[in-house]
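All of the numbers you see were taken from the coordinates with simple rules; none came from a lab. These numbers come from a predicted model, not from an experiment. Cβ coordinates were reconstructed from backbone atoms using ideal geometry, including for glycine residues, and neighbour counts include every protein chain displayed.
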Amino acid sequence: MLPFNTLLTIQRTAAITSFLAGALVVAVVIFLITTSSTSEDKTSVKHKVYKLRGRYFFVLTLCVIAGLFISLRLLPYTKFQEKPDEIVTIVAMQWAWKMAPGISDKSPADFEGSNEITLPAGRHIQFNVTSSDVNHDFAIYNSKGVLIAQTQAMPQYHNKLEHYFSEKGDYHILCLEYCGMPHAFMVGIIHIN
Amino acid sequence: MIQLNPAEIKNQRRLVIVWSITFLIAFPLLIVLGLLMRLNQGEEIKLGIDTFYVLMTLHGLGMAGVLYSMAFAGLWYLISTRYVRLSVATGYVVYFLILAGVTGLAYATLLGKFGAGWYLLYPLPFKGTFWPTWSTGLSIISLTVLGVAWIIGLVHVVYALSKEFGGFTNLLGWQYLGKKEIKRELPPIVMITTISLIPGLIAFLAGAVFLIMNLMQYFEPTLAFDTLLLKNLVFFFGHTLVNITLYCCLGWVYALLPEFTGREWKTNKVLVYSWNATFFFILFAYFHHLYMDFVQPLPFQYAGQIASFSSAIPATAITMFGVITQLYHSKIKWGIVPLMFLLGVAGWAIGGFAAVVDSTIAVNAVLHNTLWVPAHFHTYMLGGVVLFILGFLFYLSHTKEEQEKDKTAKFGFWLFVIGTHSFIATFYSGGLRSIPRRYNDYSGIPIEATHSMGAFLARLALIGIILLLIGLMVMYISILIKLGKKNNTTVIQAAEA
Ligand code: HEM
Ligand SMILES: [Cu+2]
């Protein structure tokens, strides 16, 4: 289960690590430019750099393995989620969201639902997401405008997105897969109370 | 090694100049499309929604196509003047096919209003479109022509190299892994070319299958192909194309940087291992485009993240440390060519890191299809590939002394670099603020903070874009004045000699 309530931290962590990585790159560039006026024999440089490279290789490999080990447990897929308390069917169409509680046995085209829906807080909700025409992407934004969860809405397939709304309030649905002209205007709303 | 007569070199040089001029014309035009998009997102101008998506499609397809083609043309030139004879006629066939394909796309978008985006995600080109069906057909056919041209070109190069170096596995450097003595040294550029172009070939074939299926759909609208399969095909194609564009450029960085540092950069076991590993990472990393397709088989999702993370190891430990070994205490004179290569590698590193962040599935859940995505690939392309290409063009047009002394060009260069990174910073910030990508503007977003932040960042981007355009024009003057004039760099010393 993803720590959705701390999701801001995911974006912030991304920001901080990327910034540090960028700063490191800039530092190396400046270092290389400013130290290049010295002349040193290639073999001795090679010796020094390769020693550093050996250590770097070791540390990086450890980081990669650790990074994979930690992050590959935090997956948004059903297998990694709790058993849902409630199921909601979502059908994306050009250019609206059809949402209704329960599992539907209708075809996506015949399914009826609304752009607006009310759901309870503090429950594991599974969104059963599909599309009746082209690819869309069902993305949930909280009231502060933070993207907190998403899954593609694709024709022929059902993606199961689980989310636990800990806070009450209005959540907006935006489409995050280009689906034609009014793509940027394809919004829905979920009230959580 | 080959013995070329001056006439042959002249012909190859003419071909690469034709390429360069085409690139120099197309590139700023495509930038202007980007500028218009950002202006529209900043609500400074009001394009029709359809126009926005038409421009987006042409900009994306055009940039990806033009940069790959130019990267390939650069490799072609260096290989054909140093290592193996390539047919100039084939070179022109490729050129004119690409020109035809690009013209077709320009026609289909600008006049036909085709606006399905550069990866025309099936079945979007066939449902709820705002453009006539013929422009879908023309686009698919034009893309097929491009694919055919690229395949002809790369097969010709790899085939010629493989004959010259005694077999395909030699091109991958496998002879370095055994105990036998190396009869013929393998220049890194040849190995890197092969390792870029073979995945390229596989990807273009996947692209061809994708296009054929689209073509069938076009003629028989009742068909319904598997959407997940087509998504896999198109992202395998698109990701690989963009990925190998940069790797192609690295080929010439390996070949040319030593000419400025005076330190050789040779193939050895470690290099062979690392590039052969890269071969697989190129093929499997594309799965990171489908993380949010929860129905994609789980092993593929794992493969995507593992391949993406792992690709950082050879990229940084081998190539970037290689660049450090080249430059550290080298007493190099910082002409514009080595500067371009160094800053290009830096752009690649930054864009690459941002890509690795986004290829973490848990992070992708909140960054997928936000502006973080254009942020990372614009860094990689504009801050990496474009600098490598401009560096190559300076190499082509300037002597070593000229490129050291050219102060104006260096000024333009720094403007360009600063402009690029400030422009891209607005994309990164947007991604972190959850601003969606591919929105003509943000006025439809019901969350006011998101709408105004999106529009504000788009306006802010203008400063960077203007700086980079000025920088680019300054460099253009310098390149164009010298490009046609001299044959200075055609005195080829085959690097292996
Ligand atoms: C100053 C130069 C450039 C500017 C101002 C610019 C601007 C833009 C903008 C505003 C978008 C739309 C972003 C969105 O909302 O999704 C975009 C998309 C894109 N750009 Fe650029 N860009 C520039 C250079 C490049 C370069 C060098 C490439 C090379 C590959 C490139 C390739 C793309 C692609 C592939 C897309 C995606 C189109 C799509 O989503 O279908 N751009 N660019
Ligand atoms: Cu959409």
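Annotations
- Kirkwood radius for chain B, taken over all pairs of different Cα atoms as the inverse mean of 1/r, rounds to 23.2 Å.
- Per-residue Cβ neighbour rank within 10 angstrom, fewest leading, B:250, B:211: B:211, B:250
- Highest-fluctuation residue, A:178, A:141, A:164 considered, GNM on chain A with Cα pairs under 10 Å: A:178
- Counting only Cα atoms, the size of the stretch B:407-477 along its three principal axes is 49, 19, 16 Å, in decreasing order.
- Angle of helix B:88-106 to the longest C-alpha principal axis of chain B, folded into 0 to 90 degrees and rounded to 10: 10°.
- Folded to 0 to 90 degrees: helix B:336-358 orientation relative to chain B principal axis, Cα: 40 degrees
- Against the main long axis of the alpha-carbon atoms of chain B, helix B:448-483 sits at an angle near 30°.
- Here the translational diffusion coefficient of the stretch B:83-192 follows from Stokes-Einstein with Rh set to the Kirkwood radius across Cα pairs; for 25 °C and 0.890 mPa s it amounts to 146 µm²/s.
- Treating each Cα of the stretch B:189-336 as one equal point scatterer and applying the Debye formula with no solvent, the log10 of I(q)/I(0) at q = 0.09, 0.15, 0.17, 0.20 Å⁻¹ comes out as -0.38, -0.83, -0.97, -1.18.
- Within the protein assembly as shown, percent of DSSP bridges classed antiparallel, to nearest 5: 70 percent
- Flagged links, alpha-carbon separation over 32 Å, of A:83/B:231; A:160/B:46; B:179/B:331; A:48/B:183; A:79/A:168; B:46/B:410: A:160/B:46; B:179/B:331; B:46/B:410
- The Cα-based radius of gyration of the protein assembly as shown, divided by its Kirkwood radius, gives an Rg/Rh of 0.97.
- Computed over neighbours whose Cβ is under 15 Å from that of residue A:83, the net charge equals -1, Lys and Arg +1, Asp and Glu -1.
- The stretch B:27-119: trypsin sites (Lys or Arg not before Pro) falling in loop per DSSP and having at most 16 other Cβ within 10 Å: B:46, B:85
- Cleavage-rule hits (GluC sites (Glu not before Pro)) in the stretch B:125-232: DSSP loop, at most 10 neighbouring Cβ within 10 angstrom: B:181
- Here the stretch A:70-164 carries DSSP beta bridges of which approximately 70% are antiparallel, counting only pairs with both residues inside.
- Rg over Rh, two decimals, the stretch B:362-447 (C-alpha only, Kirkwood Rh): 1.17
- Charge tally around residue A:134: other residues with Cβ under 12 Å, Lys/Arg +1 each, Asp/Glu -1 each, net -1.
- Peptides B:196-207, B:129-140 ordered by average Cβ neighbours within 10 Å, highest first: B:196-207, B:129-140
- Here the stretch A:83-192 is treated as a sphere whose radius is the Kirkwood value from Cα pairs; by Stokes-Einstein at 10 °C and 1.306 mPa s it diffuses with a coefficient of 117 µm²/s.
- Here's the picture: charge each Lys and Arg Cβ at +1 and each Asp and Glu Cβ at -1 in the protein assembly as shown, and of B:20, A:39, B:98 the one pushed furthest to the positive end of that dipole is A:39.
- From phi via Karplus (6.51, -1.76, 1.60), per-residue ³J(HN,Hα) for the stretch B:139-151 in Hz, x at Gly/Pro: 4, 4, 5, 4, 5, 4, 4, 4, x, 4, 4, 5, 5
- Here is how the number arises for the protein assembly as shown: DSSP H runs of 4 or more residues each give -39500 (n - 2.57), the sum is divided by the residue count, and the result at 222 nm is -20500 deg cm²/dmol.
- Histogrammed with a bin width of 5 Å, the alpha carbon distances of chain A distribute as 1, 7, 12, 15, 14, 11, 8, 6, 6, 5, 5, 4, 3, 2, 1, 0 percent, first bin at zero.
- Cβ-based net charge around residue B:369, under 11 Å, with every Lys or Arg adding one and every Asp or Glu removing one: -1
- Computed across the stretch B:265-315, the Kirkwood radius stands at 11.7 Å (inverse of mean 1/r, all Cα pairs).
- Other protein chain Cβ atoms within 10 Å, averaged over every residue that makes up A:148-160: 6
- The Cα atoms of the stretch A:4-78 cover 57, 23, 13 Å along the three principal axes, with the biggest extent listed first.
- Only aspartates and glutamates eight or more places from residue B:127 in sequence, or on another chain, were considered; those with a Cα closer than 16 Å are A:133, A:177, B:50, B:220, B:226.
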